[in-house]
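Reviewing the structure listed below.
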Amino acid sequence: MTTRTQQPLITRVAETEGSGFSKVFAFLRDRLLEGSIQSGDRLIPERELAAQLGVSRPIVREALRALSMMGVVEIRERVGTVVRKPDVSVLGDFFAFSMAQQADIVDDVMQARIAIEVQAARLACRHATTSDLERIAAAVDHIEATVNDSEEGSRADYEFHSALVRASRSETLVQLYAAMSTLLLRSHHERRDVVGGDPAIKQYLVEDHARIFQALIARDEDRADQVLRKHFSIGDEYRRKAAADPAARGRPPERKELA
């Protein structure tokens, strides 16, 4: 029996334009957003769902299978369809596939990364726990230990920035960043390849990440914001110079210390 609180949602879904999948997706999305169903709950049977949404059972079944592939639901034999929390790594792969054919996608993702990390740094100054700071400190050490290894060094770099975002204690920022992880790892690796093997560049990388960490330790939001933005801008400046002049790979860009 349909309750009074359910009826407006069903009406909205029935009026939704688009395919049967869109209706099933909207139904599940809206229920999750309003909190009437949660991870671990079982959906109503396919026959009832099809009747409520005004679509055929085969369409509902196909849509649920698609949602199952995305990790949003799990179809269990003799149990039914159970809502689950999607695996972020799956969402990251989906994001990468959806963005892969866009030109200059890595540069575009970089801009989104800067926006996320700068805000995350400010929040981390307020909310980072001792374990968060210990994780970031370990990431700085890992960067230094792997500075001569392009592959492992790029992963260490990603670990540092990922730990920074987690320290923000913002689940939304963490999830957005995780969804971008495949492209971010690729970006880190490509940028490390451009950096080259000059000892001065390696020292610059280690010290710059340490400066970001010290700003977090000081709980200084403005300092963390400035140091992180400078970190990104100098990195971009160096990579532009290296691309235009291969000989510049051995010369780190000039850095003006922040006040």
request  = Taking the convex hull of the Cα atoms, report for the range 18-77 its projected area averaged over all directions, in nm².
outcome  = 4.0 nm²
message = Leaving out ligands and nucleic acids, and using a 1.4 Å probe, what accessible area per residue does the range 82-185 come to in Å²?
response = 49 Å²
ask   = How long is the range 169-221 along each principal axis, judged by its Cα atoms, biggest number first, in Å?
value = 38, 31, 9
key: Euclidean distance between Cα centres, the range 141-162 to the range 50-73, Å   = 43 Å
note = Projected onto their principal axes, the Cα atoms of the range 14-173 stretch, largest extent first, over whole-Å spans of 60, 38, 30
task = Provide, for q = 0.13, 0.14, 0.17, 0.26 Å⁻¹, the log10 of I(q)/I(0) from a solvent-free Debye sum over equal Cα point scatterers in the range 95-162.
result = -0.51, -0.58, -0.80, -1.08
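The values are calculated or read from the model by the stated rules, or taken from the named source; none is laboratory data. The structure presented is a predicted model; accordingly, all values stated were derived computationally and were not measured. Just the protein is used for accessible areas: all its heavy atoms, side chains included, with ligands, DNA and RNA removed. Shrake-Rupley method; radii C 1.70, N 1.55, O 1.52, S 1.80 Å.
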